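Please read the structure below before turning to the comments.
The values are calculated or read from the model by the stated rules, or taken from the named source; none is laboratory data. Because the structure is a prediction, the values reported are computed rather than measured. For neighbour counting, all protein chains shown are included, and Cβ atoms are generated from backbone atoms with ideal geometry for every residue, glycine included.
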Amino acid sequence: MSGWWHRTTGETMPIVDELVMVYASGDAFAAELMRGRLEAEDIPVLMKGESGGPYRMGPCYLWVRADDATRAQVIIDAVGSGQFAVTEDDTSSPDR
C-alpha cells in the first residue's frame, strides 16, 4: 500500500486525498509542538523539511489531508492566539 507512516498509530496512512500545507516554521521544535497539538485533535500530520540529527535546523512544513485542512487551520490559529496557553490555575495543586 502506498502512503505515509503515521507516527502516533504506527499505521500507514493511505494517500486518498490531496495533502495541504497548513503550517510552516523555521523552528523545528515549534513545528513538533504544533504537530503534537494537531495529532492530539485526531488530525494525521505529515512533517517535512526538517533535518535529522541532534541539531535540528531548517524550515519545517506540516501537511494534512485536504478534508482536515480547515479544522487544522482553526487549531493553528487558536494556538497562535493563546487559547491553548496553560495558566497558573491549570498548574496549581489542590493542596494550595
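Among Ala30, Ala72, which is among the small types (Gly, Ala, Ser), surrounded by 14 or more Cβ atoms within 10 Å (Cβ to Cβ) and either assigned to a helix (DSSP H, G or I) or at pLDDT below 85 (or both)?
After ruling out the rest, the residue left standing is Ala72.
Taking Thr87 as the residue in question, decide whether it is surrounded by 12 or more Cβ atoms within 10 Å (Cβ to Cβ), hydroxyl-bearing (Ser, Thr, Tyr) and at pLDDT below 95.
no
Assigned to a helix (DSSP H, G or I), more than 11 Å from the chain's Cα centre (by Cα) and at pLDDT 85 or above: is that true of Gly80 in this structure?
Taking the combined requirement at face value, the residue satisfies it.
Determine the pairs where a residue that is more than 16 Å from Met21 (Cα to Cα), located within region 58-86, has a partner that is part of a loop (DSSP other than H, G, I, E, B) and of a type outside the set (Gly, Ala, Ser) with Cβ atoms under 8 Å apart, the partner being 6 or more residues away or on another chain.
Taking only residues 6 or more apart or on different chains, the pairs are Gly58/Glu50; Ala78/Phe84.
Could you tell me how many of the residues in region 1-27 are at pLDDT 90 or above and surrounded by 15 or more Cβ atoms within 10 Å (Cβ to Cβ)?
The number of residues fulfilling the criteria is 5.
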